[in-house]
1. Could you give every pair whose Cβ atoms fall below 8 Å, whose first residue belongs to region 42-66 and is under 15 Å from residue 91 (Cα atoms), and whose second residue is outside any loop (DSSP other than H, G, I, E, B) and of a type in the set (S, T, N, Q), counting only separations of at least 6 or pairs across chains?
2. Filtering region 32-46 down to residues that are out of contact with any Leu (no Cβ under 6 Å at 6 or more places or on another chain) and farther than 16 Å from residue 160 by Cα, which residue is surrounded by the most Cβ atoms within 10 Å (Cβ to Cβ)?
3. When you scan region 171-185, how many residues do you find that are within 20 Å of residue 6 (Cα to Cα) and without any contact (Cβ under 8 Å) to a residue 60 or more places away in the chain?
4. Suppose the filter is basic (Lys, Arg), surrounded by fewer than 24 Cβ atoms within 10 Å (Cβ to Cβ) and either farther than 19 Å from residue 136 by Cβ or in contact with a Lys or Arg (Cβ under 6 Å, 6 or more places away or on another chain) (or both); does residue 20 pass it?
5. Given the condition touching a Pro at 6+ places or on another chain (Cβ under 9 Å) and at pLDDT 95 or above, answer yes or no: does some residue in region 49-72 qualify?
6. From the list 140, 109, 191, 121, which one is out of contact with any Gly (no Cβ under 8 Å at 6 or more places or on another chain) and buried (at least 23 other Cβ atoms within 10 Å of the Cβ)?
7. Which residue pairs have Cβ atoms under 8 Å apart, sit 6 or more places apart or on different chains, and have a first residue in region 189-207 that is without any contact (Cβ under 8 Å) to a residue 24 or more places away in the chain and closer than 13 Å to residue 26 by Cα and a second that is part of a helix (DSSP H, G or I) and not small (Gly, Ala, Ser)?
8. Give region 114-140 a look and list any residue that's more than 23 Å from residue 98 (Cα to Cα) and in contact (Cβ under 8 Å) with a residue 24 or more places away in the chain, or say none.
Amino acid sequence: MNNAELEAILAADRTLAVVRAKAIPDAALLAGALAAGGIRTLELTFTTPHVTRHIRRVAETEGDHGAVVGVGTVLTADQARQAIDAGARFLVTPGLRAEVAAVAREAGVPITLGALTPTEVATALDLGSEIVKIFPARHVGPQYLKDLQGPYPGLKLLPSGGIDASNARSYLDAGALAVCCGTSVVPPAAVDAGAWDDITSRAKDFVRAL
């Protein structure tokens, strides 16, 4: 997957599911549940035990469910390499991580770096992040995204943190390429229990709100 392909799927679905869970019974079934609800990209995170095993499971079954898996909370170059080797199609960081960006560039894998201030946004762009994650978005709100696009016209933004069905549309209206959805769609307890129908229903509700 290249940057243009990642941008296209995010622009079409308008959301990326961020999964943080203590356990994932079957990551392929999780991916299928999200895809059935209209969310075709999911971000597993390095805060989840055995995340590389789950990445590999989703990647190997992509032809069955149609979801694309990436990995988030990538903090080191070693983690980046592990994720790419397991089949992660894109990488996401919570903040500026030059060493992670370097691994992504070398491997030809899209990287979405986390940023908050205008200076951090500029640095993320310089490091090769064509889509910039604004985190934590809950502390700045939708208007901040609109403000950033003054000095950075055409900036592709992916806000994350504190976004649910009640406010997601406002971030899109402010110019976000897509929004991250988290526990409102993939509650850790539902993931741990393998409540796939519930997750599909939550995904449908979230996508409908967009």
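1. 46/79; 51/45; 52/82
2. Filtering region 32-46 for residues that are out of contact with any Leu (no Cβ under 6 Å at 6 or more places or on another chain) and farther than 16 Å from residue 160 by Cα, the one surrounded by the most Cβ atoms within 10 Å (Cβ to Cβ) comes out as 33.
3. Kept after step one, since they are within 20 Å of residue 6 (Cα to Cα), are these residues of region 171-185: 171-172, 175-182.
Okay, now just the ones that are also without any contact (Cβ under 8 Å) to a residue 60 or more places away in the chain, so 171, 175-176.
Counting residues in region 171-185 that are within 20 Å of residue 6 (Cα to Cα) and without any contact (Cβ under 8 Å) to a residue 60 or more places away in the chain gives 3.
4. Working: basic (Lys, Arg): yes; surrounded by fewer than 24 Cβ atoms within 10 Å (Cβ to Cβ): yes; either farther than 19 Å from residue 136 by Cβ or in contact with a Lys or Arg (Cβ under 6 Å, 6 or more places away or on another chain) (or both): no.
Answer is no for this residue.
5. Taking region 49-72 as the starting set, the residues that turn out to be touching a Pro at 6+ places or on another chain (Cβ under 9 Å) are 70, 72.
Subset that is at pLDDT 95 or above: 70, 72.
Looking for residues that are touching a Pro at 6+ places or on another chain (Cβ under 9 Å) and at pLDDT 95 or above, one finds at least one in region 49-72, hence yes.
6. Values: 140 fails: buried (at least 23 other Cβ atoms within 10 Å of the Cβ); 109 fails: buried (at least 23 other Cβ atoms within 10 Å of the Cβ); 121 fails: buried (at least 23 other Cβ atoms within 10 Å of the Cβ).
Selected residue: 191, the only one of 140, 109, 191, 121 that is out of contact with any Gly (no Cβ under 8 Å at 6 or more places or on another chain) and buried (at least 23 other Cβ atoms within 10 Å of the Cβ).
7. Filtered contacts from region 189-207: 190/198; 190/199; 190/202.
8. The initial filter retains those residues of region 114-140 that are more than 23 Å from residue 98 (Cα to Cα), namely 138-140.
If the condition is that a residue be more than 23 Å from residue 98 (Cα to Cα) and in contact (Cβ under 8 Å) with a residue 24 or more places away in the chain, then 138, 140 are the ones that fit.
The values are calculated or read from the model by the stated rules, or taken from the named source; none is laboratory data. Predicted model, so just to flag it, every value in this text is computed and none were measured. As a convention, Cβ positions derive from the backbone with ideal geometry for all residues, glycine included, and neighbour counts pool all protein chains shown.
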